[in-house]
Amino acid sequence: MQERYQPNAVEAAAHANWDSRDAYLVTEGAKNAAGEPKPKFYACSMLPYPSGKLHMGHVRNYTINDMMARQLRMRGYNVLMPMGWDAFGMPAENAAIKSNVPPAKWTYDNIAYMKKQMKAMGLAIDWSREMCACDPKYYKWNQWLFLKMLEKGIAYRKTQVVNWDPVDNTVLANEQVIDGRGWRSGAPVEKREIPGYYLRITDYASELLEQVQNGLEGWPDRVRAMQENWIGKSEGVRFAFTHAIKNAEGHLIQDGKMFVFTTRADTIMGVTFCAVAPEHPLATHAASTNPVLAAFIEQCKRGGTTEAELATREKEGLDTGLTVTHPLTGKQVALWVGNYVLMSYGDGAVMGVPAHDERDFAFANKYGIAITQVVQVGDKLFDNNVWNESYADKQTGRLVNSAEYNGLTFTQAIETISGKLEALGLGTRQTTWRLRDWGISRQRYWGTPIPIIHCQDCGAVPVPEKDLPVVLPDDLIPDGSGNPLAKHEGFLSCHCPKCGKPAKRETDTMDTFVDSSWYFMRYTSPGNDQQMVDARNDYWMPMDQYIGGIEHAVLHLLYARFWTRVMRDLGLVKFDEPFTKLLCQGMVLNHIYSAKNEKGGVEYFWPEEVENVYDTKGAIVGAKLKSNGRDITYGGVGTMSKSKNNGVDPQSLIDTQGADTARLFVMFTSPPEQTLEWSDSGVEGSNRFLRRLWSLCFQKQAEVTAGLKTPTTDWSTASNDIKKLRFEIYTLLKQADYDYQRIQYNTVVSACMKMLNAIDDATLGDSNFARAATAETIGVLLRVLYPVVPHVTWHLWSELGYSALYGDLLDAPWPTVDEAALVTDEIELVLQVNGKLRGSISVMREATREQIEQLAATHEAVQRNLEGRAPKRIIVVPGKLVNVVG
């Protein structure tokens, strides 16, 4: 055994051993030594996008998964930990435009490098199950299931509103629209309606919501709440404002009824305006004779198209000059066009109740629209100029200024007014959902081709199943002038499967959320080219533990839950929910330093380039550049980011201090679900601990070897020092067992550090008991620490001779707590003098109160603090403490 810890050599040797025997290959139905089936456990991290390099967030996420997999394997489980690549998407196209290389080459080069990094981390991944979203063998099944959904009516085609860049001739995602202009061309973005394919996730809304509310016990509460809010079930009434507005042909527009939906029918008497979406037929009609309104509508068509984007946009509107009729009062209500109203949500129209809706309140004050209070909460005064949360209170208020409805409570008013609207034939009670059908069409190149052929005679024709996959050309280079598939004759031109005439392929590709909605099931059925999933999926799924960032708490998880149910209804799987437990790990943070450059922009600096300035309390208040002493701004801590020069390259850390140091730091510094702040000193501390561990094992190797040859089961005659050490180790093991179960891995590491200190500090003497205790306690430490730092512990386990007795560390039995070791002859009591902690005393477990008082009175700390005075009183709390009052 080498005297000094050399991480690179240790880790290389471990990798060579594991690779040579395919140590992480997992098979279904594995059995233990007794021939009994092992219980299965499927632990999976959300697959990464192959951006080029791992970041510390990846290191943390995958180490959490790896710790779980390794520990459960030692406990006798058949554990699956796979990995794959979310390889389609816009970043690859952007990189291709920038570097003039095909997205495929950029993607596969990045995958190769990141896979090499993952192997360097020592992750227990079964690489035989690796999947890649841009592999035709994978996305074939995206296409296959899409066609099955098309047959069942779950998938359908309709027009959709998109962001269109008229210069680049392409659809833009919302994040590519900056101040109403295309991120690359700078051209004003237009809203266009184009055909696209949708999936009827709304058909599953009720089931998805019910399970969130009454199931998913293994999910964080905040994630369940986010899912519930996104699905957004609302009970209310859909009713009409009538009107006499006619189109150019003299026909009533929408049969003279403008429908809206509200959950607050109690406030209907407070309506002072209505607003419609810019695309609403009434808006289009009004704009035909109003150039100012027409220009405003064109302006509204620029920018994002999602509800989230509209929520942050400044609310703007324009009066159409038209009016609609209030259904209960008969009064005329002004009709506005609002940039915050979406045509795709509900009927594209809303009623405005400024007194009791914060958005409407701001809009009314901005444009001088009347505000009429119709709900009174207690004796609170109403101020038309300042919004108060009580204005939206629907539980304690009563109606005012509402004619015959005055005095009604919320519940009474909802029932009465909804009934009145129904009786008039103008309304019906409805349940609506915030959730909308999932639009999967993307006018992009780098994605799963939608398997549709367009024939001039037959229309949109599904690609026959035998012709799948429709393979995406992987040698194209986007140039920013639209989807290159539309110019690629080899892909575009084909024949209609129905009539045989020349036809064109669909050039839209699928939303990349499709790729990530079921990849975790493909891991279970690798190599099957005939089925999407097979019987092996029934063995592994549902997944026991899913691990990933909170940023995926809504759409990815929701789409995966929906996709699973579709597969269930098609007879492919036998379960409803894909993920039994979910853990959302915290982000990795680092310090941010910046300064304005000569052009007024912000320039960021790497932490190693600066020297911090501290206040008297040790807090960072500023920074200076090391190179020239220039003052720069300290921006606190934030998520590691390349753009802010505050990321840490895991590969550099692995190369210099070893993967185990990186793993130990990210596990010890913070609980998995909380944010982790980067600390160079913390990294060095982690490395120092591993050097201490190595040094201890080097010094004790002769004792361990001897102790393994003479194991002991009866410790009754061992010395008190030996019993004390075993008590400490097994107490810590018991805590570590508990912490492994609750995934509090930072305290697992803490327990290991305490074990090392206890073993290092113990004075055991020279006896068979001493040698056996050394071998036993170091064996416990190495096994508890192994899931955190597998390389160094595997090496030490083998070097010290444990493998010969217990087998290779990967499958060594998890240590069990020796309950007898926790029963000690002596116990530690806290010692206080006048209520202040002054140390501790050891007493025999059977000691009487008088004996404890005598030991306490003569204790050196008591004598010193009482300056020789006799105690006035001694308080003994059995098994806990002694307080000497003097």
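How about region 33-58: which of its residues are in a loop (DSSP other than H, G, I, E, B), out of contact with any strand residue (DSSP E or B) (no Cβ under 6 Å at 6 or more places or on another chain) and on the phi < 0 side of the Ramachandran plot?
The answer is 33, 34, 36, 39, 48, 49, 51, 53, 54, 55.
Counting only residues that are crowded, with 16+ Cβ neighbours inside 10 Å and either among the polar types (S, T, N, Q) or part of a strand (DSSP E or B) (or both), how many does region 234-246 have?
The qualifying residues number 7.
Only residues in region 247-273 that are outside the structural domain of residue 392 (by TED's automatic domain parsing) and within 14 Å of residue 326 (Cβ to Cβ) count as the first member; pair them with residues that are among the hydrophobic types (A, V, I, L, M, F, W, C) and outside any strand (DSSP E or B), Cβ under 6 angstrom, at least 6 apart or cross-chain, and list the lot.
No pair meets every condition.
Under the condition of being touching a Ser or Thr at 6+ places or on another chain (Cβ under 8 Å), under 18 Å from residue 647 (Cα atoms) and charged (D, E, K, R), which residue from region 570-624 is modelled with the highest pLDDT?
609
Of all residues in region 394-408, how many are surrounded by 14 or more Cβ atoms within 10 Å (Cβ to Cβ), in contact (Cβ under 8 Å) with a residue 12 or more places away in the chain and either under 25 Å from residue 240 (Cα atoms) or not assigned by TED's automatic domain parsing to the domain that holds residue 260 (or both)?
Residues flagged as surrounded by 14 or more Cβ atoms within 10 Å (Cβ to Cβ), in contact (Cβ under 8 Å) with a residue 12 or more places away in the chain and either under 25 Å from residue 240 (Cα atoms) or not assigned by TED's automatic domain parsing to the domain that holds residue 260 (or both) within region 394-408 amount to 8.
It is to be established whether one or more residues within region 858-873 are in a strand (DSSP E or B) and either surrounded by fewer than 16 Cβ atoms within 10 Å (Cβ to Cβ) or of a type outside the set (Asp, Glu) (or both).
Checked region 858-873: at least one residue is in a strand (DSSP E or B) and either surrounded by fewer than 16 Cβ atoms within 10 Å (Cβ to Cβ) or of a type outside the set (Asp, Glu) (or both).
For region 489-515, enumerate the residues that are out of contact with any Lys or Arg (no Cβ under 8 Å at 6 or more places or on another chain) and small (Gly, Ala, Ser).
Those that are out of contact with any Lys or Arg (no Cβ under 8 Å at 6 or more places or on another chain) and small (Gly, Ala, Ser): 490, 500, 503.
Out of 218, 182, 196, 232, which single residue is in contact with a strand residue (DSSP E or B) (Cβ under 8 Å, 6 or more places away or on another chain), closer than 27 Å to residue 299 by Cα and modelled with pLDDT of 90 or more?
Selected residue: 196, the only one of 218, 182, 196, 232 that is in contact with a strand residue (DSSP E or B) (Cβ under 8 Å, 6 or more places away or on another chain), closer than 27 Å to residue 299 by Cα and modelled with pLDDT of 90 or more.
Quick grid of which residues meet (1) more than 25 Å from residue 149 (Cα to Cα); (2) not aromatic (Phe, Trp, Tyr):
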residue: 430; (1), (2): yes, yes
residue: 447; (1), (2): no, yes
residue: 450; (1), (2): no, yes
residue: 454; (1), (2): no, yes
residue: 461; (1), (2): no, yes
residue: 472; (1), (2): no, yes
residue: 491; (1), (2): no, no
residue: 503; (1), (2): no, yes
residue: 508; (1), (2): no, yes
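Counting residues that are touching a Phe, Trp or Tyr at 6+ places or on another chain (Cβ under 6 Å), which strands (runs of 3 or more DSSP E) fully inside region 388-463 reach at least 1?
Because the criterion is at least 1 residues that are touching a Phe, Trp or Tyr at 6+ places or on another chain (Cβ under 6 Å), the strands (runs of 3 or more DSSP E) in region 388-463 that meet it are 427-433.
Spot the failing condition for residue 594; the list is (1) under 24 Å from the mean Cα position of the chain (by Cα); (2) part of a strand (DSSP E or B), and only one is missed.
With respect to (1) under 24 Å from the mean Cα position of the chain (by Cα); (2) part of a strand (DSSP E or B), residue 594 is out only on (1).
Name the single residue that is surrounded by the most Cβ atoms within 10 Å (Cβ to Cβ) among those in region 521-555 being under 21 Å from the mean Cα position of the chain (by Cα) and part of a loop (DSSP other than H, G, I, E, B).
Within region 521-555, the match that is surrounded by the most Cβ atoms within 10 Å (Cβ to Cβ) is 523.
In region 438-460, which residue that is in contact (Cβ under 8 Å) with a residue 12 or more places away in the chain and surrounded by fewer than 18 Cβ atoms within 10 Å (Cβ to Cβ) is nearest to the chain's Cα centre (by Cα)?
439
Taking the condition of being in a helix (DSSP H, G or I) and hydrophobic (A, V, I, L, M, F, W, C), how many residues in region 478-496 meet it?
The qualifying residues number 4.
Please note which strands (runs of 3 or more DSSP E) are completely contained in region 599-681 and include at least 2 residues that are in contact (Cβ under 8 Å) with a residue 40 or more places away in the chain.
The qualifying strands (runs of 3 or more DSSP E) are 602-605, 631-639.
Kindly check whether there is at least one residue in region 108-120 that is at pLDDT below 95, outside any loop (DSSP other than H, G, I, E, B), among the hydroxyl-bearing types (Ser, Thr, Tyr) and under 23 Å from residue 478 (Cβ atoms).
No - not one qualifying residue is present in region 108-120.
Let me spell it out: the conditions are (1) buried (at least 18 other Cβ atoms within 10 Å of the Cβ); (2) at pLDDT below 95, and residue 380 meets all of them except one. Which number is the exception?
Looking at each condition in turn, residue 380 falls short on (1).
Given the criteria in contact with a strand residue (DSSP E or B) (Cβ under 6 Å, 6 or more places away or on another chain) and at pLDDT below 75, does residue 171 qualify?
yes
Looking at (1) hydrophobic (A, V, I, L, M, F, W, C); (2) closer than 18 Å to residue 720 by Cα; (3) surrounded by 13 or more Cβ atoms within 10 Å (Cβ to Cβ), which is the only condition residue 823 fails?
Failed condition: (3).
Looking only at helices (runs of 4 or more DSSP H) that lie completely in region 762-808, which have at least 2 residues being under 34 Å from the mean Cα position of the chain (by Cα)?
Once the helices (runs of 4 or more DSSP H) in region 762-808 are filtered for at least 2 residues that are under 34 Å from the mean Cα position of the chain (by Cα), what remains is 768-785, 790-799.
Residue by residue, here is whether (1) crowded, with 21+ Cβ neighbours inside 10 Å; (2) outside the structural domain of residue 605 (by TED's automatic domain parsing); (3) farther than 23 Å from residue 12 by Cα; (4) at pLDDT below 95 holds:
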| site | (1), (2), (3), (4) |
| --- | --- |
| 661 | yes, yes, no, no |
| 697 | yes, yes, no, no |
| 700 | no, yes, yes, no |
| 717 | no, yes, yes, yes |
| 720 | no, yes, yes, yes |
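With respect to residue 499, is the statement that it is touching a residue at least 24 places away in the same chain (Cβ under 8 Å), over 39 Å from the mean Cα position of the chain (by Cα) and not in a loop (DSSP other than H, G, I, E, B) true?
no
The values are calculated or read from the model by the stated rules, or taken from the named source; none is laboratory data. These numbers come from a predicted model, not from an experiment. Here Cβ is always computed from backbone atoms with ideal geometry, including for glycine, and neighbour counts include all displayed protein chains.
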